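Just so you know, all these numbers are worked out from the coordinates, no wet-lab data involved. This structure is a prediction, so every number in the text was calculated from the model and none was measured. FYI the Cβ positions are ideal-geometry reconstructions off the backbone, even for glycines, and counts take in every protein chain you see.
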Amino acid sequence: MDIELRGITKRFGEVVANEGVNLSIRAGEVLGLLGENGAGKSTLMNVLCGLYRPNEGEILIDGQAVTFTSPADAIAAGIGMVHQHFMLVPVFTVAENVVLGVEPVGRLDRLDRAKASAEVATISRKYGLEVDPDALVETLPVGVQQRVEIIKVLFRAADVLILDEPTAVLTPQEVKDFFEVVRALRDAGKALVFITHKLNEILDISDRIAVIRGGRITGEGLPRDLTPKSLAEMMVGRPVSFDVAKAPFNPGRALLEVRDLTVLRDDDAVAVDHLNLTVHSGEIVGIAGVQGNGQSALIEALTGLRRAAGGTVTYDGTDITHASVRARHRAGIAHIPEDRQKSGLIPKFTVAENMVLDTYYDERFSRGPSVMWDHVAEKAAQAVLDFDVRTPSVYTAAGHLSGGNQQKLVVARELSRETLLAIAGQPTRGLDVGSIEYIHKRLVEARDTGDGVLIVSSELDEILSLADRILVMFKGRIVAEFDTGAGPVDKGAIGLAMAGAAA
Ligand SMILES: Nc1ncnc2c1ncn2[C@@H]1O[C@H](COP(=O)(O)OP(=O)(O)OP(=O)(O)O)[C@@H](O)[C@H]1O
């Protein structure tokens with residue numbers, strides 16, 4: 001099935017998210033769609049999958065114009081979206097999730113479980129999407145849950161699959177397996193649209209690449225004619241540097257001292273196991289590791305979101321092991337959370353309000369019980385400029401910003417106040433290369449002016465380019481340490497430690 005988008009324009013009030021977009025999506029082809037944060041990728045895909053109606057333009061399927069009034073229309077026409085945030089019911093099995101809402105009339109009590117399992121097994125075999133149809137979704141790793149989402153779309157007989165940043169949450173091995181599936185789908189004649197911010201990935205998996213900028217398609221090309229550098233330039237409209245310039249390493253006093261820290265998961269399993277680490281002033285410490293080795297629980301414990309079951313956390317000489325989130329925040333600890341949508345922002349609040357979440361006690365912003373909103377708006381406008389947050393105004397609801405710009409807003413709030421220590425979880429996930437360059441610069445600036453910075457990232461390249469010291473976390477413990485100042489670090493050795501070789 002071939003699709004032709006012709007002259008698609010989509011506006012939100014004053015904002016033109018897509019403008020006169022012409023794009024073809026062909027059977028048996030992976031189309032890579034690349035664009036900076038806020039360029040209009042999600043909007044365009046939401047038009048294609050029936051979630052938004054365009055103000056102008058039309059969609060043609062095999063030459064015939066179609067109108068979608070709901071996602072159900074698009075699904076009926078064979079267009080399926082695999083969302084970035086999975087929409088599965090955790091307490092249902094794989095097969096139940098797949099057939100839910102389709103047959104028989106969406107009622108689980110009338111579901112023929114054996115038939116559903118058999119159908120899931122057939123799809124799973126056909127495209128190499130390995131999964132146990134009878135497993136409960138909540139017991140499955142993220143990479144497998146994603147396969148369930150894809151099976152769900154294929155079960156609805158989709159010929160066109162839209163994959164919105166599918167690799168953002170996957171480990172490198174899962175990405176490899178996932179690419180195999182994408183190729184199998186393409187070879188079976190499906191049309192795929194693949195959205196990612198990772199330039200190497202888009203060059204690897206795409207048959208054709210289209211670049212969107214400011215709501216318009218500004219370039220198209222074949223991977224063999226493009227490089228990460230040329231793609232980055234096409235996308236951002238200026239050269240992007242992948243190197244970070246840092247001042248000489250000159251660490252000061254110990255700012256964060258973690259001793260013998262143990263943290264439990266919700267089910268009481270040990271997530272962080274008698275862990276020790278120190279972050280000094282003027283130093284970036286990077287924690288590398290395959291996701292799921294306790295990094296998230298560690299950050300939660302350091303920022304007060306999760307109780308420490310044992311050990312101590314000392315910040316600038318004070319024991320903060322059991323201090324509240326707010327007390328830590330006030331004491332000058334910045335936190336860039338891993339999941340901005342869960343814990344970073346309040347989507348209904350404006351950009352300005354989100355800039356002062358938790359800071360309104362600050363005497364610069366409040367006098368007595370009342371908040372000085374003019375002053376807040378002014379400060380917010382400056383931070384929006386400084387951190388290149390793309391928003392129509394500071395009075396726009398944060399939930400209306402593109403995903404990447406929401407992330408930049410959190411970073412702007414956390415790094416534009418007086419802090420001593422910044423703790424960042426996956427600080428650049430979902431960001432375009434221009435924004436990554438920008439946020440890396442700001443983190444290095446914080447270090448150069450004497451802050452301590454602790455970064456947890458599953459992107460090894462990010463850790464390598466930023467960290468002065470690299471700690472590898474495996475099964476809740478630090479299993480290896482690498483000093484980047486002492487000559488080039490052996491990537492292979494880090495990889496081995498991440499896989500538990502040194503444990
Ligand atoms: N529901 C909405 N209401 C108002 N404005 C919106 C809405 N959805 C998107 N926008 C605006 O439309 C523009 C395009 O956003 P879109 O989400 O399509 O970008 P994107 O390319 O997917 O970005 P990202 O890479 O950050 O996910 C942005 O300026 C965004 O603020």
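Annotations for the structure displayed:
- Computed over the range 254-498: relative contact order in percent, which uses C-alpha pairs under 8 Å that are six or more apart: 28 percent
- Residue ranges 321-329, 58-66 sort as 321-329, 58-66 when ordered by packing (mean number of other C-beta atoms within 10 Å per residue, highest first).
- Whole-number percent relative contact order across the chain, with pairs defined as alpha carbons under 8 Å at least 6 apart: 16 percent
- This model, with +1 at the C-beta of Lys and Arg and -1 at the C-beta of Asp and Glu, gives the range 3-236 a dipole about its Cα centre of some 220 debye.
- For I217, nonlocal amide neighbours, meaning residues 5 or more places apart or on other chains whose placed amide H falls under 5 Å from its own, are N22.
- Cut-off under 5 Å, modelled amide H: who pairs with D432 long-range: N37
- Highest-first arrangement of 215-224, 393-402, 39-48, where packing means the average Cβ count within 10 Å: 39-48, 393-402, 215-224
- Two-decimal Rg to Rh for the chain - Kirkwood Rh, Cα set: 0.97
- Extension gain, F86 back to D266 (0.36 nm per residue minus Cα-Cα distance, nm): 62.7 nm
- Whole-Hz ³J(HN,Hα) from phi, Karplus 6.51 cos²θ - 1.76 cosθ + 1.60, for the range 36-44, glycine and proline x: 5, 4, x, 5, x, 5, 4, 4, 4
- Assuming charge only on the beta carbon of Lys and Arg (+1) and of Asp and Glu (-1), the dipole of the range 254-498 about its Cα centre is about 560 debye to the nearest 20.
- The shape of the range 48-204 comes out oblate: with a ≥ b ≥ c from the C-alpha gyration tensor, a/c is at least 1.5 while a/b does not beat b/c.
- In order through the range 425-440: 3J(HN,Hα) via Karplus (6.51 cos²θ - 1.76 cosθ + 1.60), integer Hz, x for Gly, Pro: x, 6, x, 10, 4, x, 9, 6, 4, x, 5, 4, 4, 5, 5, 4
- Under 5 Å, built H, 5+ apart or other chain: amide partners of M81: I162
- Between A72 and S241, the simple label model (points 7 Å from Cα in the Cβ direction) yields a spacing of 5.5 nm.
- Rounded to the nearest Hz, the phi-derived 3J(HN,Hα) couplings of the range 21-35 under the Karplus curve 6.51 cos²θ - 1.76 cosθ + 1.60 (θ = phi - 60°) are 7, 10, 7, 10, 10, 10, 4, x, 9, 9, 9, x, 10, 10, x, where x marks glycine and proline.
- Using C-alpha pairs under 8 Å with a sequence gap of at least 6, the mean separation divided by the residue count of the range 3-236 gives a relative contact order of 29 percent.
- Between A327 and R11, the modelled labels are 5.3 nm apart [label points 7 Å from Cα along Cα→Cβ].
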